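Please treat every number below as a calculation from the coordinates, not as lab data. Small disclaimer: the values here were computed from a predicted structure and weren't measured. Note that we place each Cβ from the backbone using ideal geometry, even for glycine, and neighbour counts take in every protein chain shown.
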Amino acid sequence: MKSTVKIYEYSGCSTCKKALKFLEQKKIEYKKIPIVDQPPTMNELKKMLGFYDGQIGKLFNTSGLVYREMKLGEKLKTMTESQALGLLAKNGKLIKRPFALSETSGQVGFKVEEWKKLLRE
């Protein structure tokens, strides 16, 4: 049985809207979660980090205002993984979105080819 995909998204995000439309077209069951109000948990962030081979920078919304205001481009280089994940868990605006997680895979951002792999469960 396929697990439901959790989609952490932001309603004003056009990329998130494209991802949700893609899931609906593919008739994929998903649970929509507002990323700003309810960011992914530390465990979910660690799980996603595993899908990106520990590349913490991949999980950050590097084009976001909060990222730039906090000057995280430089600060990330000296942060521990725990510190970086802690920041993400507290501030959904720092997380690259959509943030899609299932039992067996995960994706941040939306690229059709990568999402096709995500959904092959």
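Work out, step by step, the length gained on full extension between ARG68 and CYS13: first 0.36 nm times the residue separation, then minus their alpha carbon distance; give nm to one decimal.
Stretched fully, the ARG68-CYS13 segment lengthens by 18.0 nm.
Relative contact order of segment 5-118, please, whole-number percent, based on alpha carbon pairs below 8 angstrom and at least 6 residues apart. List each step's numbers first, then the result.
Details: 152 pairs, mean separation 41.1, N = 114.
Answer for segment 5-118 is 36 percent.
Measuring from centroid to centroid over Cα atoms, what is the spacing of segment 55-118 and segment 1-32 in Å?
So the separation of the two Cα centres works out to 17 Å.
At 222 nm, what value in deg cm²/dmol follows for the chain if DSSP H runs of at least 4 each add -39500 (n - 2.57) and the sum is divided by all its residues, to the nearest 500? Could the numbers behind the result be given before it?
Details: 6 runs with 48 residues, N = 121.
The per-residue figure over the chain is -10500 deg cm²/dmol.
Over the alpha-carbon set of segment 39-121, divide Rg by the Kirkwood Rh and report the Rg/Rh ratio to two decimals.
Details: Rg = 12.5 Å, Rh = 13.0 Å.
Radius of gyration over Kirkwood radius for segment 39-121 works out to 0.96.
Among the DSSP beta bridges whose two residues both lie in the chain, what percent are antiparallel, rounded to the nearest 5?
Looking only at bridges with both residues in the chain, the antiparallel portion is about 60 percent.
In nm, give the distance between the simple-model label positions of LYS117 and SER82, each being 7 Å from the Cα along the Cα-to-Cβ direction.
Once both label points are built, they end up 3.1 nm from each other.
Count the net charge of all other residues whose Cβ sits under 13 Å from the Cβ of MET42, scoring Lys and Arg as +1 and Asp and Glu as -1. Show your work: numbers first, answer last.
Numbers: positive: LYS46, LYS47, LYS90; negative: GLU44, GLU81.
Net local charge, MET42 excluded: +1.
What dipole magnitude, in Debye to the nearest 20, does segment 5-118 give about its Cα centre under +1 on Lys/Arg Cβ and -1 on Asp/Glu Cβ? Please list the in-between numbers first.
Numbers: 22 positive and 12 negative charges, 53 e Å.
Here segment 5-118 has a charge dipole of around 260 debye.
Kirkwood Rh, segment 68-112, all Cα pairs: how many Å? Let's see the in-between values first.
Numbers: mean 1/r = 0.0832 Å⁻¹.
After inverting the pairwise mean of 1/r, the radius is 12.0 Å.
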